[in-house]
Structures are given as C-alpha cells and as structure tokens.
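Everything below concerns the one structure shown next.
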Amino acid sequence: MLNTAITANQPTFPLNLPIEEKQYKTDPFTLIEGRYVGHDGFVIPKDFDEFYQRFPHHIPNWVRRHADRLAVKEDLEDWTQDLVIHLKYLPVTSKHREAGKEDIVQTFDPVKHHGANQPRFLNYVNLCLANKFRTMNAKRRKDAMCRTGNLSLTRQVDGENHGGADDQYCHAHSEYLRRAADISEKRARDRTFVREFVDFVSREDPSILPAIQAILATGTLGDAAEFLGIMDARFSRLRTHIRQLGKCFMTGDDHIPKQRRPYKKRVKAVATPSLDAA
C-alpha cells in the first residue's frame, strides 16, 4: 500500500490556490483510496499509530537535537513521552474533532503545506513538535525547582564563612551553572546576530529573505531548496549571494554586490544560404 503507484485517472492536486499562497511551488499529489500520495510516492500516514510504526525514532531524535545538551537522560525521556502524547491525542476542544480527527497526524493538509511528499510532511510534524516543546519549556521555566538561576541555599559554605550561599557563590563554584550560563549567553548573542543580519538583508536585498527564512525553518540546505520548490542550481546561487551579503554585513562594506542572473544558454544562429552562393 505504501508503494502504490500514481494512476493516471486519479485527481491531481493542487487546486486553485489564492494568489498570496503561490509564493512557493506546490508539488503535485494524488488521492488514492482516501490516502494522500506525494509526487515522490510517499504515502501520508493515516494516523499517529501508523506514523509511529513507520518512524519510531523520529520523536526521540528530534528531542535530542533540540534539547539542552546539559539535559539529563530522565528529562529527555519525559519530554519524548509528553510529545508522543501530544501528537497522539487532539485536545477535546480542538476544532478538528468536529471533522472526525483524533490526532495531529490526521490534521495534515497537503494543500496548505504545498505538497504531500515526505519532507513536507515531516516538516509539519516538526513544527507541531516545536510549538509544543516551546510551551513545555515556558512552563518549566516558571517552576522554581527547575530554574538554576534562582538558587538560595542556607548551608555552611566553608570554615570562615558561615551563612547562606548566594547566587554569586553558586555560579562561581558550579561547573554546571557556568556552562549553562555560557550556553545561554551564546544563544542570546546568536539570536541577536541572526536578527540583525535579517534586518540588514531586508534593507539591502529583500528578495533573498525567503531563502534565509527557509534555511532557518528547515535547518538543512537540501530541505530549504525543497521547501522553496526550486532547483539546486538556483538555490546554490542564492547561497552564494547570502554569503556575499554576510561578508558585507560583517565588514561594514557599503558596496553590495548585485545578485547574478540565471545563466541562459545561447542558441547559435543557423546561417541561411545567400542568393549569390546559389
């Protein structure tokens, strides 16, 4: 069933999309026996159970990639279980339940996500995981027991200093807290740097913004090109121009190079015999 060929008499999507949704190329897909099939032959799982059977390691691997590298094994297992439950059961108040859907996998809409191939489907799953994971982290930060920056200890520090161990003492003597603080500071600097670079590109060459946003959203260059629906050669030119803009941004150079136009193969003119030669 998963390798069902696309027959010629099946309806081909996409339908007529609004103009504002045509900024990305939509891959064709078909509907076979109630199952969406992408142009690459990928069959969208019918529900979460089928998804988990076909991709059993997707959620644990996603958690390991996005969790803090200082997180302990027990936390990773708890987060993985919470995300599994999130994908498997829709909230009771979800509007999708009115349509008979019971889990998040069943809510995937290939029209809204410009296709039904495997990268687009897994990108939708990753977006759902990221939204839930952000909510979980926000709730965790509000828990005083989980905030390492709010330690207040009342114990004997050393032989000369009897009393409470303040935050400064804890951070000065804890390798764990120092590493966590360094990582948090670096992430803040990286986010600021990316935001400033995006603002720079929006001023100098806004046409490159979709490529940058696709890279930030997918995480890999191949998935970004697939997400934009463009060929590798064209995406390679966009990457080259992004590097040039990045160099100008770092050096403060006001001379912004223009984006190279796509190469068009020249067609040699065919010489016609003249009347004199005849």
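The values are calculated or read from the model by the stated rules, or taken from the named source; none is laboratory data. All values reported here derive from a predicted model rather than from experimental measurement. Neighbour counts are summed over all protein chains in view; Cβ atoms, including those assigned to glycine, are modelled from backbone coordinates with ideal geometry.
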message = Could you tell me how many of the residues in the range 186-199 are surrounded by 11 or more Cβ atoms within 10 Å (Cβ to Cβ) and either outside any helix (DSSP H, G or I) or of a type in the set (V, I, T) (or both)?
response = 2
query = Restricting attention to the range 64-92, which residues are assigned to a helix (DSSP H, G or I), in contact (Cβ under 8 Å) with a residue 40 or more places away in the chain and either β-branched (V, I, T) or under 20 Å from A180 (Cα atoms) (or both)?
reply = H66, W79
message = Can you tell me which residue is nearest to T26 (Cα to Cα) among those in the range 99-143 that are assigned to a helix (DSSP H, G or I) and in contact with a helix residue (DSSP H, G or I) (Cβ under 6 Å, 6 or more places away or on another chain)?
response = P119
request  = List every residue pair whose Cβ atoms lie under 8 Å apart, where the two residues are 6 or more positions apart in sequence or sit on different chains, the first residue falls within the range 197-216 and is on the phi > 0 side of the Ramachandran plot, and the second residue, located anywhere, is surrounded by 12 or more Cβ atoms within 10 Å (Cβ to Cβ) and among the small types (G, A, S).
outcome  = none
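Could we say that V43 is at pLDDT 90 or above, buried (at least 18 other Cβ atoms within 10 Å of the Cβ), out of contact with any strand residue (DSSP E or B) (no Cβ under 8 Å at 6 or more places or on another chain) and of a type in the set (A, V, I, L, M) here? Write out each step before concluding.
On the way: at pLDDT 90 or above: yes; buried (at least 18 other Cβ atoms within 10 Å of the Cβ): yes; out of contact with any strand residue (DSSP E or B) (no Cβ under 8 Å at 6 or more places or on another chain): no; of a type in the set (A, V, I, L, M): yes.
The answer is no for V43.
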task = Those residues that are at pLDDT below 70 and either among the acidic types (D, E) or more than 15 Å from A71 (Cα to Cα) (or both), I need them from the range 171-190; list them, please.
result = H171, A172, H173, S174, E175
Conditions (1) at pLDDT 80 or above; (2) loosely packed, with under 12 Cβ neighbours inside 10 Å; (3) of a type in the set (S, T, Y); number of the one not met by S202 = (2)
ask   = What is the number of the single condition among (1) touching a His at 6+ places or on another chain (Cβ under 9 Å); (2) in a helix (DSSP H, G or I); (3) closer than 26 Å to P28 by Cα that H96 does not meet?
value = (1)
note = Cβ pairs under 6 Å, 6+ apart or interchain, first in the range 124-137 and more than 13 Å from I59 (Cβ to Cβ), second at pLDDT below 90 and not basic (K, R), ordered by first then second residue, are Y124/H113
ask   = Among the residues of the range 207-222, how many are modelled with pLDDT of 80 or more and in a loop (DSSP other than H, G, I, E, B)?
value = 0
ask   = Can you name every residue in the range 96-123 that is in contact (Cβ under 8 Å) with a residue 60 or more places away in the chain and β-branched (V, I, T)?
value = V105, V111
ask   = Picking from H113, H86, H57, which residue would you name as being surrounded by 13 or more Cβ atoms within 10 Å (Cβ to Cβ) and either at pLDDT 90 or above or more than 19 Å from A224 (Cβ to Cβ) (or both)?
value = H86
